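Asks: Got a structure here, written out as structure tokens. Questions coming.
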Amino acid sequence: MKKLPVGISDFKDIRSGDYYYVDKSMLIKDIINNGGSVTLYTRPRRFGKSLNMSMLKNFFEIGSISELFNGLKISEDKEFCEKYQGQYPVISLSLKEVDGEDYTGAFKKLCGIIYVESKRHTEISESDRLDKDDKEIYSKIVRMSKDAELNADSENVIAQSLKMLTIFLNKHYGKKVVILIDEYDVPLDKAHVNGYYDEMVRLLRSMFSAALKDNENLAFGVLTGCLRISKESIFTGMNNFKVNSITMENRNETFGFTESEVDAILAHYELSSKKPEVKEWYDGYKFGESEIYSPWDVVNYCQDISSGAKTRAESYWSNSSENTLVREFVNIASEKTKSELENLVNGEKIRKKIREELTYRDIDNTIENLWSVLYLTGYLTGYKDNDDMFVLWIPNSEVRKIYADDIETWFTNRVKSDTESGKKFYDAALSGNPDEMTRILNLLLRKSVSIRDSFTKQSIRENFYHGFILGLLNEFDSIESNAENGDGYSDITITDDNDGKVVILELKYSDSGEMDDMIMSCDEALEQIEKKHYDEDFLFAGTYSKIMKYGISFNKKRALVKICEP
């Protein structure tokens, strides 16, 4: 079996290293036949953008290894390959590491990237087709990008660096230049978060305009990113600009995995029986007319399951990205928006107007813009209904878990602030009053975002309510969660040494929510306390005069508490 390319985005390494590769080579023809002189592909993170850009570099660049494409679909078109393969000087940059707490730090990161790329083209300094002035300018780009000192002169040199490199490479090879810029919008995202947005916009606008607008040395350019940043922001006046986004109705199978591609990779690793689980967790993205799986997840899943490292699906995509968007969305949502969010997490759909072209300043202006960003970055998926209205839903179990975790955090923090209810619940538990405990829980749950049966697995639903109870009792030091007692681990334990009392709480989720079923769930919880002897250690200690055992059943926004009668 071939190795799985987990964390490898270099096309050459994958093709020469006997790694499993899903053929996306027809993207090359799409760029030539359907792209503009500058094409922007917007897709969520971890959907193969960097690997595809590496593939483009290895196909078009002069001196690249043509054998890397043997057996791929593009190699079947001999005439096309003869005309385009290995025919261009290429400038290739990834801006995903351009980050910093301030503009100076981010500028240094960008300089480092320009330095590495400019040094990759040492043929410029040795070319007999360039004059002395050309070589001095090239040397200045190398020197100033290496020094990375922020001043007006260095900013101007970096802003003009890509344009000048295209001039020099065109002179040397006598061929126009391909520019590839991966994750073009990451520097703007980081600048927005850290407060130097204006400076970064100014620099990137100068750099992109010089290199991509009316540049007679440019053959074509390709950019990738998550968001389509408005032309007014950094692409001013670029009429040669063409966008391929997730809303387009065709040509959407070159990023992410299709159904047939997932079937093939599962069959290769003898995991076809796992298809339902893979589909539940990693499918569901709607890019135009195409149904797409998250490639990062599928590859990691196959690696872990086939090696025996794991036995079931888990979240990979969320662990690889910052989920601040969802967290911010949940925190600022109005009651109306929380109701819409509740519908989404419970498997329903909503209709929203989507703005595809934004600036990072726009994102925080209205909650409506955040809906757009959640859709464009893969936290929601959907299709265009009419005009600018889209039908949206959460794509799969993995993304649902992201919402679940952040909703749980939001609700737990909200409950933590209600110290009065926490004190009443604590007192009711110690005084043996299940009716009062039930009343308090139901009052608080009516203010929450509920989790229904369609939302996720029962264990995760129970975890939500477990966190809810812990948040409610957070001010008390005598609370233990999942403490080892008897022959197992009790959900929540309260010990009051002053009064010699112990409270054991066991939580269950009722599937139907009918009263009989909720009573039955409470009985199951109480039976578990007895069967696993959660009270045994406290009985043997001899210091507690009273041990109270409660079974608590939850369903959506309802709760029922039952006490074990002596």
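Asks: Any residue in the range 186-196 that is surrounded by fewer than 20 Cβ atoms within 10 Å (Cβ to Cβ) and among the basic types (K, R)?
Replies: The answer is no, given that none of the residues of the range 186-196 is surrounded by fewer than 20 Cβ atoms within 10 Å (Cβ to Cβ) and among the basic types (K, R).
Asks: What is the residue count in the range 32-54 for residues that are hydrophobic (A, V, I, L, M, F, W, C) and either in contact with a strand residue (DSSP E or B) (Cβ under 6 Å, 6 or more places away or on another chain) or over 20 Å from V243 (Cβ atoms) (or both)?
Replies: The qualifying residues number 4.
Asks: Further question on the same structure: From the list Y544, Y534, which one is open to solvent by 40 Å² or more (accessible area, probe 1.4 Å), of a type outside the set (V, I, T) and either assigned to a helix (DSSP H, G or I) or closer than 18 Å to T493 by Cβ (or both)? Show your work before the answer.
Replies: Numbers: Y534 fails: open to solvent by 40 Å² or more (accessible area, probe 1.4 Å).
Just one listed residue meets the conditions, Y544.
Asks: Still on this model: Counting just the residues of the range 420-466 that are modelled with pLDDT of 90 or more and among the basic types (K, R), which one comes out most open to solvent (accessible area, probe 1.4 Å)?
Replies: R439
Matching residues to (1) in contact with a Ser or Thr (Cβ under 8 Å, 6 or more places away or on another chain); (2) open to solvent by 50 Å² or more (accessible area, probe 1.4 Å); (3) outside any loop (DSSP other than H, G, I, E, B):
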| site | (1), (2), (3) |
| --- | --- |
| R351 | no, yes, yes |
| R355 | yes, yes, no |
| L370 | no, no, yes |
| K401 | yes, yes, yes |
| D406 | no, no, yes |
| T409 | no, yes, yes |
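Asks: Across the range 26-64, which residue is surrounded by the fewest Cβ atoms within 10 Å (Cβ to Cβ) among those that are of a type in the set (A, V, I, L, M, F, W, C) and over 22 Å from T166 (Cα atoms)?
Replies: The first filter runs over the range 26-64 and keeps only residues of a type in the set (A, V, I, L, M, F, W, C), leaving 26-28, 31-32, 38, 40, 47, 51, 53, 55-56, 59-60, 62.
If we keep only those that are over 22 Å from T166 (Cα atoms) too, we end up with 26-27, 47, 51.
On the way: M26: 15, L27: 24, F47: 25, L51: 21.
Looking at the filtered set, the residue picked out is M26.
Asks: For D214, are the conditions met, namely being open to solvent by 40 Å² or more (accessible area, probe 1.4 Å) and on the phi < 0 side of the Ramachandran plot? Talk me through it step by step, then tell me what you get.
Replies: On the way: open to solvent by 40 Å² or more (accessible area, probe 1.4 Å): yes; on the phi < 0 side of the Ramachandran plot: no.
Spelling it out, it is not the case that D214 is open to solvent by 40 Å² or more (accessible area, probe 1.4 Å) and on the phi < 0 side of the Ramachandran plot.
Asks: Anything in the range 10-25 that is buried (at least 16 other Cβ atoms within 10 Å of the Cβ) and either hydrophobic (A, V, I, L, M, F, W, C) or modelled with pLDDT under 95 (or both)? List them, or say none.
Replies: Scanning the range 10-25 gives F11, I14, V22.
Asks: Can I ask one more? Starting from residues that are touching a residue at least 24 places away in the same chain (Cβ under 8 Å) and open to solvent by 10 Å² or more (accessible area, probe 1.4 Å), keep the ones in the range 489-504 and report whichever is nearest to K546 (Cα to Cα).
Replies: Among them, the one singled out is K501.
Asks: Still on this structure, I have one more. Taking the range 79-109 on its own, how many of its residues are in a loop (DSSP other than H, G, I, E, B) and small (G, A, S)? So that I can check it myself, show each step before the final result.
Replies: Applying the first criterion (in a loop (DSSP other than H, G, I, E, B)) to the range 79-109 yields 85-87, 89, 95-102.
Next, from what is left, pick out any that are small (G, A, S): 86, 100.
Total satisfying the criteria: 2.
Asks: If you take the residues of the range 278-313 that are more than 16 Å from V6 (Cβ to Cβ) and open to solvent by 50 Å² or more (accessible area, probe 1.4 Å), which of them is modelled with the highest pLDDT?
Replies: K279
Asks: Just give me the residues in the range 328-356 being modelled with pLDDT of 80 or more, within 27 Å of Y197 (Cα to Cα) and not β-branched (V, I, T), in sequence order.
Replies: Of everything in the range 328-356, those that are modelled with pLDDT of 80 or more, within 27 Å of Y197 (Cα to Cα) and not β-branched (V, I, T) turn out to be K353, R355, E356.
The values are calculated or read from the model by the stated rules, or taken from the named source; none is laboratory data. This is a predicted model, so every value here is computed, not measured. Virtual Cβ from ideal backbone geometry, glycine too; neighbours counted across all protein chains shown. In case anyone asks, the SASA skips ligands and DNA or RNA and just uses the protein heavy atoms, side chains included. Shrake-Rupley method; radii C 1.70, N 1.55, O 1.52, S 1.80 Å.
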